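Student: Below is one structure. I have some questions about it.
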Amino acid sequence: MFLVLATALLVPAVIVWRATHSPEIQFVGADPDVPWITFPVPLATNIQRSEPLLEQVFRKRFVAADAPHETEAVWTIRWQGMKETRATLNGHEIGRTEGAWSPQSSWRQWVEVDVSRYVQAGTNHLEVRVRNPSGPALLRASIVSPTGTVVSDSSWPVQQRLGDLATPWTAATLASDTEPYLDAAALPTTRMVAARTAPRLISVFLLLFIVFYLGQKHLSSQLFVSAARWSPTIVAGVWGVFLCTSFWELPIPSGFDGLNHFEYFHLVVSGNWAPLAGESFSSYHPPLFYWVTAVLYLMLGVVSTAKVVKLVAFASGLCHVVVAGLLTRKFYPDHPLAFLVATLFAGFLPMNLYMSAYFSNEPFAGALIGLSLFSVVLLLVAPTVSWWRTACLGLLLGLALLAKFTILAVLPWIFLFLTYRFRKLEGLPWRVVAARLALLCTLMAVVAGWFYARNMAHFGQPLVFNWELERADGGWWQAPGFHTPSYYLGFGASISEPFFSGFQSFGDALYSTVWGDGYLGGRTSARFRHPLWNYDYMTACFPLAVPMSLLMLVGGVRLTLRILRDPDPGWRLASGFTVCTLLVFLYGAVDYSLKAPMYSTVKAFFALGLVPVLALLVASGWSLVSQAFDGSARLLWRSLLNAYGGTLVVAVILAFVG
């Protein structure tokens with residue numbers, strides 16, 4: 001329980017401290033009294049090249065009845081700019097911060113200057129120049145006088161300058177990272193599709209309610225046990241229909257960075273089996289996925305098309321379904337309903353479906369992460385842990401490291417929980433514990449160590465990202481370029497106007513990419529979306545998924561309570577590890593969005609390996625809620641619950657059949 005509490009409390013505390021203190025993190029607090037302002041630019045998704053010499057020049061005219069030196073009045077100007085600032089009043093420089101202008105100070109520090117000697121009777125002119133090579137230039141300022149205070153707002157004129165080039169003067173705008181994306185207006189909303197989808201979905205719900213009600217009343221419960229047993233086969237059959245219809249028709253460039261992933265794949269097929277980061281946009285990724293797809297293509301490509309490489313992602317998606325069922329059966333061995341719910345959830349989770357249709361390394365890496373997490377659970381609850389099982393986990397973790405960086409987020413917790421397991425539950429001597437952990441590290445190093453060592457040799461760090469390489473070569477950024485508390489505290493747009501709702505809040509970004517293709521496969525405009533999804537029914541999935549999300553939360557609470565109540569210490573440990581894994585990936589998403597404050601960095605499928613864990617939570621919540629009543633009321637309640645789940649599955653199927 002201590003590890004869970006430490007994860008739940010200490011990790012976010014560290015993130016918040018870094019966000020509010022580190023000059024490398026472009027996070028600004030919300031202060032309605034002195035708001036941040038910036039140059040007005042239409043919200044766009046395109047990559048913007050950094051211009052170190054680009055300045056935003058803010059001006060403000062104010063009037064003083066008398067010169068302060070004649071009245072002994074005190075005038076003070078305070079400002080804070082992201083990131084480099086230089087301020088002048090009536091042509092006199094009054095201060096500067098950070099960067100080429102003043103490398104000694106941080107942009108996070110307020111600059112406060114007594115400007116009484118520079119203020120003159122009549123009109124005064126304040127000018128603040130702001131530069132930010134890695135995002136938009138922001139400013140907040142106040143002019144404090146004996147007669148009142150003037151603060152930065154939309155009345156301040158602003159101009160962009162680059163050398164001798166300058167834009168016309170215009171009114172500044174309040175800085176915001178929660179503005180809706182205008183292009184989303186061309187996409188369906190919940191209200192728009194209600195009339196087109198509700199009649200069919202309501203009919204499906206009523207029909208399923210009757211079927212489940214009569215079935216529970218008159219049919220043997222053994223039939224439901226059989227249905228649970230065959231649920232993976234049923235899911236695989238429906239996925240086969242998807243593959244033969246919309247999935248196969250999707251062109252490779254239609255997915256997130258599809259062309260970039262295919263370029264990496266082409267490098268591997270052409271003989272460059274381990275390209276360096278920077279040789280292509282996506283070649284910073286570890287190469288295992290591209291090796292597997294290249295081998296598959298070389299084996300089958302001569303008798304098929306390049307689309308065969310998509311089979312790897314498709315098979316990885318089905319792997320999530322299998323692991324979800326196995327994990328849930330391990331936690332609830334005598335609950336076939338939980339197994340059924342977990343399997344159907346993983347099989348018809350929109351995030352799993354659309355990512356398995358695109359050409360991407362995410363499903364493959366996610367499958368290896370899911371298998372690794374399941375293997376850790378097996379070790380934590382096993383009566384004894386053999387060296388062989390420890391070695392198998394080391395190999396799995398090594399493969400996951402060679403597929404994507406994501407597993408690194410949870411590696412420390414894997415080692416912490418295994419150490420506790422070996423030491424406290426088995427009572428092994430420290431030298432044996434160290435030897436087992438060394439075995440894990442050795443196998444991971446054998447499988448994937450060469451990749452990270454090569455990065456260290458070439459780039460001076462084991463982890464290299466494409467945006468870091470670009471910044472080293474001039475740099476680029478993407479809107480918004482900064483974040484505020486409002487972005488992390490807001491939620492709701494993804495239910496009513498789901499597509500591109502991730503522009504408005506962190507929660508909406510996660511929800512819209514879990515329950516649908518909220519970013520349209522990485523397209524930057526509604527005009528470029530592919531026609532193979534049925535966007536009306538996909539839109540309907542977002543509000544329909546609200547109860548399912550609540551069931552997930554119920555399951556999370558139930559799993560957390562199991563840490564305290566389960567009499568088996570192994571299961572308490574496994575429950576704690578599962579909860580910590582969820583927290584680590586959530587906090588990791590927050591931390592990543594702070595380091596790279598771009599709309600494209602917050603996507604739920606970056607944690608696709610958590611699909612089995614999410615399925616476990618839903619199954620846990622479902623099995624608990626389904627027992628809410630007794631007698632005939634329980635029969636009615638279960639029929640309603642099952643009809644709801646079936647209707648959501650039908651909506652998802654209609655969304656992806658196209």
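Student: Here's a check for you: in region 141-153, which residue that is open to solvent by less than 70 Å² (accessible area, probe 1.4 Å) and in a loop (DSSP other than H, G, I, E, B) is nearest to Thr76 (Cα to Cα)?
Tutor: Result: Ser152.
Student: Which helices (runs of 4 or more DSSP H) sit wholly inside region 545-658 and have at least 2 residues that are acidic (Asp, Glu), at positive phi and out of contact with any Lys or Arg (no Cβ under 8 Å at 6 or more places or on another chain)? Before the answer, list the steps.
Tutor: Numbers: elements: 546-565, 569-595, 611-625, 631-657.
Once the helices (runs of 4 or more DSSP H) in region 545-658 are filtered for at least 2 residues that are acidic (Asp, Glu), at positive phi and out of contact with any Lys or Arg (no Cβ under 8 Å at 6 or more places or on another chain), nothing remains.
Student: Within the group Val211, Val204, which residue is more than 29 Å from Trp110 (Cα to Cα) and open to solvent by 40 Å² or more (accessible area, probe 1.4 Å)?
Tutor: Numbers: Val204 fails: open to solvent by 40 Å² or more (accessible area, probe 1.4 Å).
So the residue among Val211, Val204 that is more than 29 Å from Trp110 (Cα to Cα) and open to solvent by 40 Å² or more (accessible area, probe 1.4 Å) is Val211.
Student: Would you please list the contacts, defined by Cβ atoms under 6 Å and residues six or more apart or on different chains, that run from a residue in region 207-226 that is among the aliphatic types (A, V, I, L, M) to a residue that is surrounded by 14 or more Cβ atoms within 10 Å (Cβ to Cβ) and assigned to a helix (DSSP H, G or I)?
Tutor: As it stands, the answer is Leu208/Ala643; Leu208/Gly646; Val225/Pro336, since those pairs meet every condition given.
Student: Do you know which residues across region 346-382 are in a loop (DSSP other than H, G, I, E, B), among the aliphatic types (A, V, I, L, M) and over 15 Å from Val322 (Cα atoms)?
Tutor: Selection gives Ala382 alone.
Student: Quick one: would you say Gly91 is surrounded by 19 or more Cβ atoms within 10 Å (Cβ to Cβ) and without any contact (Cβ under 8 Å) to a residue 60 or more places away in the chain? Step through it out loud before you land on a result.
Tutor: Values: surrounded by 19 or more Cβ atoms within 10 Å (Cβ to Cβ): no; without any contact (Cβ under 8 Å) to a residue 60 or more places away in the chain: yes.
Against the criterion (surrounded by 19 or more Cβ atoms within 10 Å (Cβ to Cβ) and without any contact (Cβ under 8 Å) to a residue 60 or more places away in the chain), Gly91 does not qualify.
Student: If we keep just the residues of region 411-469 that are under 30 Å from Gly135 (Cα atoms) and of a type in the set (A, V, I, L, M, F, W, C), which is least open to solvent (accessible area, probe 1.4 Å)? It would help to see each step written out before you state the result.
Tutor: Initial filter on region 411-469 (under 30 Å from Gly135 (Cα atoms)): 452, 455-469.
Applying the additional criterion that residues be of a type in the set (A, V, I, L, M, F, W, C) yields 456-457, 459, 463-465, 467, 469.
Numbers: Met456: 101, Ala457: 86, Phe459: 73, Leu463: 59, Val464: 4, Phe465: 48, Trp467: 25, Leu469: 46 Å².
Only one residue tops the list, namely Val464.
Student: Now for a separate question. How many residues does region 17-43 contain that are closer than 26 Å to Phe503 by Cβ and exposed (fewer than 14 other Cβ atoms within 10 Å of the Cβ)?
Tutor: Restricting attention to region 17-43, the residues satisfying the condition of being closer than 26 Å to Phe503 by Cβ are 18-20, 22-32, 34-43.
Checking which are exposed (fewer than 14 other Cβ atoms within 10 Å of the Cβ) leaves us with 20, 23-24, 29-32, 40-42.
The qualifying residues number 10.
Student: Where the second residue is open to solvent by 20 Å² or more (accessible area, probe 1.4 Å) and not in a helix (DSSP H, G or I) and the first is within 16 Å of Phe465 (Cβ to Cβ) and lies in region 398-411, which pairs have Cβ atoms under 8 Å and are six or more apart or on separate chains?
Tutor: Phe405/Leu463; Leu408/Leu463
Student: Return the residues of region 556-571 that are of a type outside the set (A, V, I, L, M), more than 21 Å from the chain's Cα centre (by Cα) and either more than 22 Å from Val11 (Cβ to Cβ) or surrounded by 19 or more Cβ atoms within 10 Å (Cβ to Cβ) (or both); say none if nothing qualifies. Don't jump to the end; show me each part of the working.
Tutor: The initial filter retains those residues of region 556-571 that are of a type outside the set (A, V, I, L, M), namely 556, 558, 560, 562, 565-571.
Pick out the ones that are also more than 21 Å from the chain's Cα centre (by Cα) and you get 558, 560, 562, 565-571.
Of everything in region 556-571, those that are of a type outside the set (A, V, I, L, M), more than 21 Å from the chain's Cα centre (by Cα) and either more than 22 Å from Val11 (Cβ to Cβ) or surrounded by 19 or more Cβ atoms within 10 Å (Cβ to Cβ) (or both) turn out to be Arg558, Arg562, Arg565, Asp566, Pro567, Asp568, Pro569, Gly570, Trp571.
Student: Kindly evaluate Pro52 against the criterion of being assigned to a loop (DSSP other than H, G, I, E, B) and touching a residue at least 40 places away in the same chain (Cβ under 8 Å). Before you say what the answer is, go through the steps one by one.
Tutor: Working: assigned to a loop (DSSP other than H, G, I, E, B): yes; touching a residue at least 40 places away in the same chain (Cβ under 8 Å): yes.
Against the criterion (assigned to a loop (DSSP other than H, G, I, E, B) and touching a residue at least 40 places away in the same chain (Cβ under 8 Å)), Pro52 qualifies.
Student: Please work out if Leu396 is open to solvent by 10 Å² or more (accessible area, probe 1.4 Å) and touching a Leu at 6+ places or on another chain (Cβ under 7 Å). Write out each step before concluding.
Tutor: Details: open to solvent by 10 Å² or more (accessible area, probe 1.4 Å): yes; touching a Leu at 6+ places or on another chain (Cβ under 7 Å): yes.
Criteria met by Leu396.
Student: Can you name the residue in region 616-647 that is crowded, with 22+ Cβ neighbours inside 10 Å and hydrophobic (A, V, I, L, M, F, W, C) and is also farthest from the chain's Cα centre (by Cα) among such residues?
Tutor: Filtering region 616-647 for residues that are crowded, with 22+ Cβ neighbours inside 10 Å and hydrophobic (A, V, I, L, M, F, W, C), the one farthest from the chain's Cα centre (by Cα) comes out as Trp622.
The values are calculated or read from the model by the stated rules, or taken from the named source; none is laboratory data. Computed from a prediction, not measured in an experiment: that's the story for all the values here. With ideal geometry, Cβ positions are generated from the backbone for all residues, glycine too; neighbour counts draw on all protein chains shown. We work out accessible area using only protein heavy atoms, side chains counted, and drop any ligands, DNA or RNA first. Shrake-Rupley method; radii C 1.70, N 1.55, O 1.52, S 1.80 Å.
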